[in-house]
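**Q** Before we start, here is the structure in question, set down as structure tokens.
The values are calculated or read from the model by the stated rules, or taken from the named source; none is laboratory data. Predicted model only: the values in this text are computed from it and were never measured. Cβ placement follows ideal geometry from the backbone for every residue including glycine, while neighbour counts extend to all protein chains displayed. Only protein heavy atoms, including side chains, enter the accessible area calculation; ligands, DNA and RNA are left aside. Shrake-Rupley method; radii C 1.70, N 1.55, O 1.52, S 1.80 Å.
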Amino acid sequence: MAEQTSTANAWPANPADLIPQGRKRLGWGLLAVATLGLLTIIVVQILYKTEMSTVGFDTWRPVIYAYILWGAALGAWQVLTRGEDGQRALFLLPALLFTIAMVIFPTLFGFYIALTDWNLSSFAGRRFNGLDNFWQMLADPYYRNALFNMVLYVLAVLVEYVIAFGLALLLNAQIKARKFFRVVFLLPLMLSPVAVSWMVGKSLMEYRFGPAATLARHLGWDNPAFFSDPITARISIMMLDAWTFIPFMMIMLLAGLQAMSREVLEAARVDGATAWQTFWQVTFPLMLPVSVTAVILRIIFKLKLADIIITLTSGGPGGATDSVSSFIYREYRDRSNVGYGTMLAMAYLIIIVVFVTWLLKVASRFVRNVN
């Protein structure tokens, strides 16, 4: 018995310990050589792209070949150093390589472009200028205005949530033609925001002959120009975007209401709770997880707001309605300023990542405390 126990204790707990050290060193060597070769080719590609055009560095093809070889070396490293576990990990390798190629590498390349002076209308080409774009961004009043507008647009989500919750409660009640109204309320979500901009913004809200402008004149508004005044233009943009995406939150909240247990609501009524008490003390707390999910997803969509603004106002009047996305778009399209536009985009990406991470933590803590 003692010999069996000693043998069991001597047996390695990790199967990778059975792999010979020479095999492991071979795997690490292959990965090191492939990684060094890939990094070398990337550096040569970036620094000597023009000068090395005669040896094939005028395109990114050498980097692609080196990346494929690096992926093969990564797979061989897994098998040589981990054995059967490495063979199972090979099934994850295509997804990993795709993520690196389509997410990580473009992001890193974007940070590099953000540190260059690159204007497509200039014959000078791309030139490294360090943090000049960053300092220009900090002093740009139009970019700060776009960030301020995004704060207002994101706060408008709270109003959209209240309206969406009300519609969800209405469509969850036993009313006539309930299925018909569900389809009707979902119609705006089926339309493209660009189509909404033209149908509503360019037609119904046209200040000369649009029906909304005509009705406003009858109500006493002398010059119903919805997009000429900064405050009115912002409110109009918020209304159009809300009309498009309120059905998104409504359908999520309606699904949550239909999944609620009817026994809990019946128990509240038996205990003598009024309709308001039932909603505030039973329905709303039980709907918090769904509500938080709907609001966070809506905020993420709101942070990308651009198409309605570009179609209707192009950021006007005087940049008053610009979102960060529409401002970056105009920086690319109107000024062909790739380097500075990329710096704006990278800074906005960092802001979004930090903000959404903080929002998820706060939302999780809030739901946990309420429950």
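**Q** Can you say whether Thr283 is more than 30 Å from Val324 (Cβ to Cβ), polar (S, T, N, Q) and in a helix (DSSP H, G or I), as far as the supplied structure shows? Spell out the reasoning first.
**A** On the way: more than 30 Å from Val324 (Cβ to Cβ): yes; polar (S, T, N, Q): yes; in a helix (DSSP H, G or I): yes.
Yes; evaluated as a whole, the condition is true for this residue.
**Q** Among the residues of segment 145-156, is any in contact with a strand residue (DSSP E or B) (Cβ under 8 Å, 6 or more places away or on another chain) and at pLDDT 90 or above?
**A** no
**Q** Take segment 282-299 and flag every residue that is within 16 Å of Phe366 (Cα to Cα) and either exposed (fewer than 13 other Cβ atoms within 10 Å of the Cβ) or not polar (S, T, N, Q) (or both).
**A** Result: Phe284, Pro285, Leu286, Met287, Leu288, Pro289, Val290, Val292, Ala294, Val295, Ile296.
**Q** Look through segment 313-349, keep the residues that are of a type outside the set (Ser, Thr, Tyr) and touching a Lys or Arg at 6+ places or on another chain (Cβ under 7 Å), and return whichever of them is surrounded by the most Cβ atoms within 10 Å (Cβ to Cβ). Give the steps one after another, and end with the answer.
**A** At the first step, the residues of segment 313-349 found to be of a type outside the set (Ser, Thr, Tyr) are 315-320, 322, 324, 327-328, 330-331, 333-335, 337-339, 341, 343-347, 349.
With touching a Lys or Arg at 6+ places or on another chain (Cβ under 7 Å) added as a condition, the list becomes 315, 320.
On the way: Gly315: 24, Ala320: 19.
It comes out as Gly315.
**Q** Looking at this structure, is Ala225 assigned to a helix (DSSP H, G or I), within 22 Å of Gly316 (Cα to Cα), over 27 Å from the mean Cα position of the chain (by Cα) and at pLDDT below 95?
**A** Considered against the rule, which asks whether it is assigned to a helix (DSSP H, G or I), within 22 Å of Gly316 (Cα to Cα), over 27 Å from the mean Cα position of the chain (by Cα) and at pLDDT below 95, Ala225 comes out as no.
**Q** Here is a follow-up. Can you find, within segment 84-119, the residue that is nearest to Leu30 (Cα to Cα) among those that are in contact with a helix residue (DSSP H, G or I) (Cβ under 6 Å, 6 or more places away or on another chain) and in contact (Cβ under 8 Å) with a residue 24 or more places away in the chain?
**A** Among those that are in contact with a helix residue (DSSP H, G or I) (Cβ under 6 Å, 6 or more places away or on another chain) and in contact (Cβ under 8 Å) with a residue 24 or more places away in the chain, it is Leu97.
**Q** Among the listed residues Phe180, Phe165, which satisfies the condition of being assigned to a helix (DSSP H, G or I) and touching a helix residue (DSSP H, G or I) at 6+ places or on another chain (Cβ under 6 Å)?
**A** Working: Phe180 fails: touching a helix residue (DSSP H, G or I) at 6+ places or on another chain (Cβ under 6 Å).
The match here is Phe165.
Yes or no, residue by residue, for (1) of a type in the set (D, E, K, R); (2) within 20 Å of Met150 (Cα to Cα):
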position: Val264; (1), (2): no, no
position: Val290; (1), (2): no, no
position: Val295; (1), (2): no, yes
position: Ile300; (1), (2): no, yes
position: Ile308; (1), (2): no, yes
position: Ser325; (1), (2): no, yes
position: Glu331; (1), (2): yes, yes
position: Leu349; (1), (2): no, yes
position: Trp358; (1), (2): no, yes
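**Q** Kindly provide the set of residues from segment 312-347 that are assigned to a loop (DSSP other than H, G, I, E, B) and in contact with a Phe, Trp or Tyr (Cβ under 8 Å, 6 or more places away or on another chain), ordered by number.
**A** Answer for segment 312-347, where residues must be assigned to a loop (DSSP other than H, G, I, E, B) and in contact with a Phe, Trp or Tyr (Cβ under 8 Å, 6 or more places away or on another chain): Thr313, Gly315, Gly316, Pro317, Gly319, Thr321, Asp322, Ser323.
**Q** Would you check if Leu265 is over 26 Å from Phe301 (Cβ atoms) and surrounded by 15 or more Cβ atoms within 10 Å (Cβ to Cβ)?
**A** Yes.
**Q** Starting from segment 205-232, keep only residues that are in contact (Cβ under 8 Å) with a residue 12 or more places away in the chain, then list their pairs with residues that are open to solvent by 50 Å² or more (accessible area, probe 1.4 Å) and small (Gly, Ala, Ser) whose Cβ atoms are within a distance under 8 Å, requiring at least 6 positions of separation or different chains.
**A** The qualifying pairs are Tyr207/Ser228; Pro230/Gly318.
**Q** Mind checking which helices (runs of 4 or more DSSP H) fall wholly inside segment 24-129 and carry at least 2 residues that are open to solvent by 30 Å² or more (accessible area, probe 1.4 Å), at pLDDT below 90 and farther than 19 Å from Gly339 by Cβ?
**A** Those helices (runs of 4 or more DSSP H) span 61-82, 84-89.
**Q** What do you reckon, is Ser236 farther than 19 Å from Ala195 by Cα and not hydrophobic (A, V, I, L, M, F, W, C)?
**A** no
**Q** Show the residue pairs meeting these rules: Cβ distance below 7 Å; 6+ apart or different chains; first residue within segment 267-279 and free of Cβ contacts under 8 Å to residues at least 40 places away in the same chain; second residue surrounded by fewer than 10 Cβ atoms within 10 Å (Cβ to Cβ) and polar (S, T, N, Q).
**A** Listed by first residue and then by second, the contacts come to nothing, as the list is empty.
**Q** So, in segment 177-233, of the ones that are within 27 Å of Asn149 (Cβ to Cβ) and of a type in the set (Ser, Thr, Tyr), which residue ends up surrounded by the fewest Cβ atoms within 10 Å (Cβ to Cβ)?
**A** Ser192
**Q** Another question, if that's okay. Has segment 295-311 got any residue that is more than 24 Å from Leu189 (Cα to Cα), charged (D, E, K, R) and part of a helix (DSSP H, G or I)?
**A** Checked segment 295-311: no residue is more than 24 Å from Leu189 (Cα to Cα), charged (D, E, K, R) and part of a helix (DSSP H, G or I).
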